[in-house]
1. Which ones in the stretch B:92-131 are modelled with pLDDT of 90 or more and not in a helix (DSSP H, G or I)?
2. Across the stretch B:86-113, which residue is farthest from the other protein chains (Cβ to nearest Cβ) among those that are free of Cβ contacts under 8 Å to residues at least 40 places away in the same chain and hydrophobic (A, V, I, L, M, F, W, C)?
3. So in the stretch A:170-184, with the set limited to residues that are part of a helix (DSSP H, G or I) and not hydrophobic (A, V, I, L, M, F, W, C), which one is surrounded by the most Cβ atoms within 10 Å (Cβ to Cβ)?
4. Report yes if residue A:236 is in contact with an Asp or Glu (Cβ under 8 Å, 6 or more places away or on another chain), touching a residue at least 60 places away in the same chain (Cβ under 8 Å) and within 12 Å of chain B (Cβ to nearest Cβ), otherwise no.
5. Does residue B:89 fit the bill of being part of a helix (DSSP H, G or I), modelled with pLDDT of 90 or more and not small (Gly, Ala, Ser)?
6. Out of the helices (runs of 4 or more DSSP H) lying entirely within the stretch B:207-304, which hold 1 or more residues that are closer than 30 Å to residue A:142 by Cβ?
7. Give me a count of the residues in the stretch B:19-41 that are among the β-branched types (Val, Ile, Thr), more than 7 Å from chain A (Cβ to nearest Cβ) and under 15 Å from residue A:138 (Cα atoms).
8. Scan the stretch A:185-198 for residues that are within 13 Å of chain B (Cβ to nearest Cβ) and surrounded by fewer than 17 Cβ atoms within 10 Å (Cβ to Cβ) and jot them down.
Amino acid sequence: MNNDIYLSHSNILAKRIAFTVFKYFMLVIVGLFFIFPFLYLYLSSFMTDEQILNTTSIFPKEISFKAYKTLYEHSELVLYVRNTLIVCVLNISGVCLMSSLTAFGLCKVKFKGQDIVFTLILATLLLPGTVTGVPLFTIYAKAGLIGTLFPLWLPIWFGGGATNIFLIRQFMRGIPKSYSEAAIIDGASSIRIYASIVMPLVKPIIIYLAVTNFMGLWNDFQTPLMFVGDNPMKYTLSLALYQEFAREGSTYFPNVQMALGVLMAIPCIVLFAIFQKQLMEGVAAVGIKG
Amino acid sequence: MVIKSQAPWYRRLWKDYGNIIYCIPVLLGILIFTLIPMVYSLVYAFCDYNFFYAEEQFSNFGFQQFKRIFDTDLQKTIHSFYITFRYAIATIAIGMVGSYIVALFLNQKTKGVNAFRVIYYLPCLIPAVAGSLLWKNITDTYGLFNNYLMALGLEPYTFYTKGETVFPTILMLSVWGWPGSMIMWLAQMKNVPAEMYESAELDGAGYFTKTFKITIPMTTSMIFYQLIMSVINALQVFAGFYPLMNGQNESELDFIVVRIYKAAFVNYQISYAAALSWVLFVVIGLLTLGIFKTSKWVYYGEEA
């Protein structure tokens with residue numbers, strides 16, 4: 001009897017261990033599969049020109065820094081970084097300021113027709129960007145803005161983007177009315193309430209949006225391609241990677257493209273590492289804490 | 001004594017509408033960057049707009065652009081819609097199911113599973129252009145994949161370099177995009193109350209019962225959101241494949257938005273591009289409406 005219990009016990013234990021080992025084995029195998037393109041990006045940036053064109057292995061035969069040297073010696077690279085940073089900074093500050101103001105106007109104060117405004121904002125979310133892309137090009141062209149960075153950041157200062165407004169509004173609605181009512185009794189104006197009561201409380205969602213917006217903007221290709229086009233002085237990194245380093249007729253080897261890809265990915269990886277929990281668990285994890 | 005005073009009209013106006021001031025920027029934005037462009041686009045679509053001759057910008061009002069799309073260029077139009085829809089249906093169906101399965105796989109309490117989530121997600125941090133150049137290099141005639149195939153004694157595959165193999169290649173490589181939706185599923189799965197699983201376990205429910213009776217029904221709102229966004233995005237596919245285009249695969253990557261882009265920005269046929277974008281808009285609109293109409297299966301939680 002005793003023996004039986006002992007046997008089944010060890011059986012269960014063995015099974016559990018086997019299952020755990022199997023689970024980790026699967027996690028590693030699937031993980032290797034998914035991380036493969038990332039490894040290739042990184043490793044191939046150290047390959048020699050000869051190897052990258054005909055490689056039989058994911059590992060570089062000899063470590064070559066030539067691709068990075070080529071980038072370092074490229075005179076315009078700093079300019080591309082600067083352009084991308086200008087676009088990102090102007091956009092992110094626009095997102096933080098304008099979308100929170102708009103969301104505040106939509107849920108913390110009252111005016112007639114509020115619902116109509118909100119519906120209108122949501123409706124723009126469903127509109128495919130393609131319809132407005134072509135006429136915006138002609139409008140920007142008439143205003144002389146094609147080939148400049150203006151089209152890449154100007155629109156965000158008008159409202160801050162529908163998705164951002166929507167998410168901040170959802171978050172703001174969670175702030176108890178009593179907070180602002182006390183301030184109203186004290187005679188605070190609505191802009192005071194926005195600046196000194198609501199803004200500090202919505203900081204977590206603002207940070208979340210700043211990070212996610214940055215990641216999208218830093219890598220955006222389609223908007224710069226449409227509105228900056230082929231003015232090399234205003235290339236952003238993504239656009240430069242295509243126009244300067246990859247387009248048919250370019251004399252650069254793929255290892256240089258990969259090296260630029262590695263460098264471009266760094267800011268996003270750093271941000272991802274810092275805000276991993278929020279980004280992984282989504283807006284829900286951005287709890288309301290003052 | 002009560003003094004009954006009517007506030008002056010401007011006070012009342014300010015009280016009723018004053019706070020709209022917070023929404024003035026967004027309203028201006030919708031006007032400048034959405035409504036006016038839409039009107040422009042509609043006007044362009046119904047005329048011959050020549051971008052280079054300022055004095056004869058608008059001429060020949062009529063349906064000629066749509067006639068071109070559905071008559072002269074009918075073959076091209078059908079082809080573009082065909083490859084775009086084939087791409088959308090295949091990648092959305094496979095991608096949603098696949099990424100959901102990976103999310104289920106990672107939605108466990110094993111120690112260290114968080115590190116694996118990060119590893120799985122890393123490729124999604126590669127910039128889109130770098131990503132497509134990366135796959136171009138890997139799938140080149142003498143790229144890594146073909147060298148592996150040849151090492152195994154197999155025939156080399158043409159991937160992006162030949163028309164027929166472009167679509168299978170796109171499908172195959174779309175697998176590496178799954179972790180992007182995976183993290184959204186995971187976020188939603190975390191919100192399912194643990195008590196639900198606990199009481200199901202007490203009733204003797206196994207893993208599959210719990211998945212099909214709890215996890216999937218409780219994440220339908222995210223499934224719905226992802227479905228809508230994937231349809232809208234997949235039908236406008238552009239950035240991931242535009243850098244890959246060359247003489248051999250051009251027609252197989254001629255998605256609608258690629259054609260709109262080329263018409264407007266390469267050939268400066270603004271009117272044709274505008275008309276084509278309206279056709280796409282109507283198609284996307286009808287599809288979204290259809291999905292919304294059939295969304296009875298979505299569960300939004302108790303209070304909604």
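The values are calculated or read from the model by the stated rules, or taken from the named source; none is laboratory data. Predicted, not measured: the structure shown is a model, and the values here were computed from it. When we count neighbours, we look across all protein chains shown, and the Cβ atoms used for this are built from the backbone with ideal geometry, even at glycine.
1. Hits for the stretch B:92-131 are B:126, B:127.
2. The qualifying residue farthest from the other protein chains (Cβ to nearest Cβ) is B:93.
3. For the stretch A:170-184, the residue satisfying everything is A:180.
4. Yes.
5. For residue B:89, the condition - part of a helix (DSSP H, G or I), modelled with pLDDT of 90 or more and not small (Gly, Ala, Ser) - is met.
6. Details: elements: B:207-210, B:220-234, B:256-261, B:270-293.
Where helices (runs of 4 or more DSSP H) fall fully within the stretch B:207-304 and carry at least 1 residues being closer than 30 Å to residue A:142 by Cβ, they are B:220-234, B:256-261, B:270-293.
7. 2
8. A:189, A:191, A:195
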